[in-house]
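The values are calculated or read from the model by the stated rules, or taken from the named source; none is laboratory data. It should be emphasised that the depicted structure is a prediction, and the values quoted were computed from it without experimental measurement. Surface accessibility is based on the protein's heavy atoms, side chains included, excluding ligands, DNA and RNA. Shrake-Rupley method; radii C 1.70, N 1.55, O 1.52, S 1.80 Å.
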Amino acid sequence: MKKYYIVIIIIFIISLFSCKKEDEIVIIDLPPTQVLEQNTSYAVIVSSHLRLRTEPSVKAKAVTTLWKGYILEIVSKSSKMDNVEGVDNYWYQITYGGLKGWVFGAYIKLLSSHEKAKEESEKLKT
């Protein structure tokens, strides 16, 4: 009979220690963070035509020719100014109709929104 009680006590002790408390849910109150904002800018070609190049250089291969009034999405800007045909300006990496390349800044007008670019494009086409 003693063995029976010992077995029961061992089972009780094992079951007591094997019971797990529920994990407490800890709520951490974090301060709000700044919302990252993507600023997309646009440009409209103001010259009669403009070559889209593979690199920011007049010596780079031309991918295609873009025409006056086309709306371009600006991706980036060169870190330093260049001089093309006596004019100092930056090169801009752009996308247009699935193409990506570089155009010289003297031949485009930079705008802050697509709507403004559309308005400017319409003015140039008339």
Would the stretch 47-111 count as rounded, prolate or oblate if I go by the C-alpha gyration tensor, calling it rounded below 1.5 in a/c and otherwise prolate when a/b exceeds b/c, oblate otherwise?
rounded
Carbon + sulfur, % of accessible area of the stretch 38-91 - ligands and nucleic acids excluded, 1.4 Å
45 percent
In Hz, Karplus ³J(HN,Hα) per residue of the stretch 41-56 (6.51, -1.76, 1.60; θ = phi - 60°; x = Gly, Pro)
10, 10, 8, 10, 6, 9, 8, 4, 7, 8, 7, 8, 10, 6, 9, x
